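The values are calculated or read from the model by the stated rules, or taken from the named source; none is laboratory data. All values reported here derive from a predicted model rather than from experimental measurement. Virtual Cβ from ideal backbone geometry, glycine too; neighbours counted across all protein chains shown.
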Amino acid sequence: MSIETELEFEKMTEIGAIVANCLEYLKSRAKVGISTEELDYLAGKFLSKYGAISAPKSEYNFPGHVCFSHENEVAHGIPSNKKLKKGDLLNIDVSASKDGFYADNGESFVIGNSKNKKASLCKHVKKVLEIALNTARAGVKINRVGFAVEQYAKENRLTVIRDLGGHGVGRSLHEEPSFIGSFGEHRDRRIFTENLVVAIEPFLSNGAHHIKEAADGWTLFHERFYSVQKEHTLMIRKSRPHIFTKPTMNFS
């Protein structure tokens, strides 16, 4: 969607804060010994408390309120009763709607603040999202985001996942532009327009380029390599984008 009224801006601000606060809440509860099934229960209660509806559940009948991708899982992981361990890689992707407006955000992190190669990947994806945000401007080609992410990956001997990317969002979970990749596509002539609402989410890996779908029909994974993601929902401007998915609550 493209924001045209103050009311639309206010509604996007509200749902953006809800999903950002939900993500921060879940990160604060993601400790050694808890399961993602338990975390998903907390997510459902949190969203309900603030009048929001899980987007994957309502839009796609996903078997959970939130996507929890664990270890070699890349995206769309189903909540399970497996307990988290120190050093585990976890991605939490929260998307929800309220009053017909949608926002989407996610982040990969390591359980227990372990300093390992997974934690290093998570630091890289934070940096590359900042680069992507500094690239996304009104009048700029959408593919410049992908070129910037891919260049950073190459400079740091990392790879990008080519099967997943960002997307338009606002009045539904997935809108035009339908794919904002983590790699440059010269044939892509689409342009960022002012006030366009998008979710930008780079995917970095320590070796994977493509992913597989698990037998459950949801979980995307790579059996050999780790992959990480970080995502914000934002509004394109001539200067730096306005980020809707900034947390307004502290759970530490």
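Counting just the residues of the range 173-200 that are among the small types (G, A, S) and touching a residue at least 12 places away in the same chain (Cβ under 8 Å), which one comes out surrounded by the fewest Cβ atoms within 10 Å (Cβ to Cβ)?
Going through the qualifying residues, I end up with G184.
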* Structure fact -> Result of the Cβ filter at 6 Å on the range 135-157, keeping first residues that are farther than 19 Å from V197 by Cβ and hydroxyl-bearing (S, T, Y) and partners that are at pLDDT 95 or above and not in a loop (DSSP other than H, G, I, E, B), at least 6 apart or interchain, is Y152/V128; Y152/I131
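Could you tell me which residue of the range 209-239 is farthest from the chain's Cα centre (by Cα), considering only residues that are part of a loop (DSSP other than H, G, I, E, B) and closer than 19 Å to D104 by Cα? Talk me through it step by step, then tell me what you get.
Filtering the range 209-239 for residues part of a loop (DSSP other than H, G, I, E, B) gives 209-211, 214-219, 222-226, 236-239.
Checking which are closer than 19 Å to D104 by Cα leaves us with 218-219, 236-237.
Details: W218: 16, T219: 15, I236: 17, R237: 20 Å.
So, considering only residues that are part of a loop (DSSP other than H, G, I, E, B) and closer than 19 Å to D104 by Cα, the one farthest from the chain's Cα centre (by Cα) is R237.
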* Asked: For G146, which of the numbered conditions (1) touching a Pro at 6+ places or on another chain (Cβ under 7 Å); (2) in a helix (DSSP H, G or I); (3) buried (at least 24 other Cβ atoms within 10 Å of the Cβ); (4) not acidic (D, E) fails to hold?
  -> (1)
* Asked: Is it the case that D216 is of a type in the set (D, E), at pLDDT 95 or above and touching a helix residue (DSSP H, G or I) at 6+ places or on another chain (Cβ under 6 Å)?
  -> no
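Would you mind finding the one in I15, I53 that is in contact (Cβ under 8 Å) with a residue 60 or more places away in the chain, within 15 Å of Y102 (Cα to Cα) and not polar (S, T, N, Q)? So that I can check it myself, show each step before the final result.
On the way: I53 fails: in contact (Cβ under 8 Å) with a residue 60 or more places away in the chain.
None of the other options fit; the residue is I15.
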* Counting only residues that are over 17 Å from the mean Cα position of the chain (by Cα) and acidic (D, E), which one in the range 60-102 is farthest from K118 (Cα to Cα)? -> D99
* Examine the range 179-188 for a residue that is in a strand (DSSP E or B) and of a type in the set (D, E), and state whether such a residue exists. => no
* Asked: Restricting the range 206-235 to residues that are surrounded by fewer than 24 Cβ atoms within 10 Å (Cβ to Cβ) and of a type in the set (S, T, Y), which is farthest from L173 (Cα to Cα)?
  -> Y226
* Tell me which residues, restricted to the range 63-82, are more than 17 Å from V160 (Cα to Cα) and of a type in the set (A, V, I, L, M). => V66, I78
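Identify, from the list A119, A138, the residue that is closer than 23 Å to T13 by Cβ and surrounded by 14 or more Cβ atoms within 10 Å (Cβ to Cβ). Spell out the reasoning first.
Values: A119 fails: closer than 23 Å to T13 by Cβ.
Only one candidate passes the filter, namely A138.
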* **Flag if F68 is of a type in the set (F, W, Y), more than 23 Å from T13 (Cβ to Cβ) and surrounded by 23 or more Cβ atoms within 10 Å (Cβ to Cβ)** => yes
* To do: Search the range 70-93 for residues that are among the hydroxyl-bearing types (S, T, Y) and pair each with any residue that is part of a strand (DSSP E or B) when their beta-carbon atoms are under 8 Å apart and the residues are at least 6 apart or on different chains.
  => S80/S35; S80/F68; S80/H70
* Among the residues of the range 18-32, is any on the phi > 0 side of the Ramachandran plot and not polar (S, T, N, Q)? -> no
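This table checks each residue for (1) farther than 30 Å from I3 by Cα; (2) among the aromatic types (F, W, Y); (3) touching a helix residue (DSSP H, G or I) at 6+ places or on another chain (Cβ under 6 Å).
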site	(1), (2), (3)
Y152	yes, yes, yes
L158	yes, no, no
S178	no, no, no
D188	no, no, yes
N195	no, no, no
E223	yes, no, no
* For the range 191-208, state whether one or more residues are farther than 17 Å from I15 by Cβ, over 18 Å from the mean Cα position of the chain (by Cα) and not in a loop (DSSP other than H, G, I, E, B). => yes
* Conditions (1) touching a Phe, Trp or Tyr at 6+ places or on another chain (Cβ under 7 Å); (2) surrounded by 16 or more Cβ atoms within 10 Å (Cβ to Cβ); (3) at negative phi: number failed by G170 -> (3)
